[in-house]
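See structure below.
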Amino acid sequence: LDPRSPLPLASLVEAEIRRFEDSKDATHLSQAQRYLETAQSLNPDSVSVHLAAGKLNESTGRFEKALDHYLRVKDLAPANVDAVVRTAGVYDKLDMPDKAIREYKKAIELDPTFYEPYEYFGVFYYFRGNYTEAAEQFKKVIERAPGMYRAYINLGGCLETLGRYAEAEQALLTALKLRTTPDLLNELGTVLEAEGRDADAVPYYQRAVALNPGEYVYFL
C-alpha cells in the first residue's frame with residue numbers, strides 16, 4: 001500500500017469504532033478521531049475517508065453529518081454498495097423509512113448476489129414490526145451466504161414472533177450446526193417453551209447459562 005494513502009488509516013478508524021461498540025469504552029472513539037484526522041490530512045475527499053468519517057459521526061449520534069459523508073461517497077463511487085447501505089441506515093435513524101427502503105433496494109440492485117444489503121434490510125423491517133418481510137430478507141441472506149449463522153438466528157426470531165414455531169426451531173437448529181452461542185441457545189429454549197416443550201427447553205437454557213453466567217436473562 002502507498003504510505004501516502006489514507007486507506008490503512010481509514011480501516012483503523014473503523015476498527016476502533018467496532019471496539020467501542022463492543023466495549024463502550026470512549027477512548028476508542030478518541031483514537032478513531034485521531035486516525036481520521038491523519039487520514040483526512042492525506043486525502044480528505046477519498047471514498048475510504050468519507051466512509052470512515054461517516055461511521056464515526058454515526059457512532060456519536062451526528063446522523064446528518066454522517067449522511068453528508070455517505071452521500072459524497074455516492075457521488076464519487078455510485079456503485080459503492082457499502083455507502084448505499086449506510087445511507088439507508090442513517091435514514092432509518094432519522095426516521096425517514098421511505099428513503100431508507102429506497103436506498104436498501106438500490107443497494108440490492110447494485111449487487112443482487114451480495115448478502116449484506118438483505119441482512120440490514122431484514123433488521124430494518126424487524127425493528128419496524130414487519131416480521132413477515134424481515135423473514136423474507138433473512139431467507140435471501142441464507143440463499144446467498146448459507147454459512148452465515150446469524151441469519152438463521154434472525155430468521156428464527158422472526159418466525160417465532162409470527163407464531164411459526166416449528167419453522168423457527170428448524171432455523172435455529174441449523175444455526176446451531178454452524179456455531180454455538182449463548183443467545184442462540186436461549187432463543188432455542190424460548191421457542192421450545194412457546195411450543196409447550198418445557199423439558200426440552202431447560203437443557204438449552206442451562207447451556208446458555210454455562211457459556212455466559214453473567215447474563216441474568218438466561219437465569220430467568
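Run down Leu220, Leu188 and say which single residue is surrounded by 17 or more Cβ atoms within 10 Å (Cβ to Cβ) and among the aliphatic types (A, V, I, L, M). Every option except Leu188 fails the conditions. For Gln33, the conditions (1) touching a residue at least 40 places away in the same chain (Cβ under 8 Å); (2) within 27 Å of Leu94 (Cα to Cα) are fulfilled apart from (1). Residue count for region 146-162 satisfying the condition of being hydroxyl-bearing (Ser, Thr, Tyr) and open to solvent by 60 Å² or more (accessible area, probe 1.4 Å): 1. Where residues in region 126-145 are touching a Leu at 6+ places or on another chain (Cβ under 7 Å) and open to solvent by 40 Å² or more (accessible area, probe 1.4 Å), which of them is nearest to Thr161 (Cα to Cα)? Filtering region 126-145 for residues that are touching a Leu at 6+ places or on another chain (Cβ under 7 Å) and open to solvent by 40 Å² or more (accessible area, probe 1.4 Å), the one nearest to Thr161 (Cα to Cα) comes out as Tyr131. Screening Glu160, Glu195, Glu187, Glu215 for residues that are touching a residue at least 24 places away in the same chain (Cβ under 8 Å), in contact with a Gly (Cβ under 8 Å, 6 or more places away or on another chain) and among the charged types (D, E, K, R) leaves exactly one candidate, Glu187.
The values are calculated or read from the model by the stated rules, or taken from the named source; none is laboratory data. Not measured: the values here are computed from a predicted model. Neighbour counts are summed over all protein chains in view; Cβ atoms, including those assigned to glycine, are modelled from backbone coordinates with ideal geometry. For the accessible areas, the whole protein counts, side chains as well, though only heavy atoms, and no ligand, DNA or RNA atoms are used. Shrake-Rupley method; radii C 1.70, N 1.55, O 1.52, S 1.80 Å.
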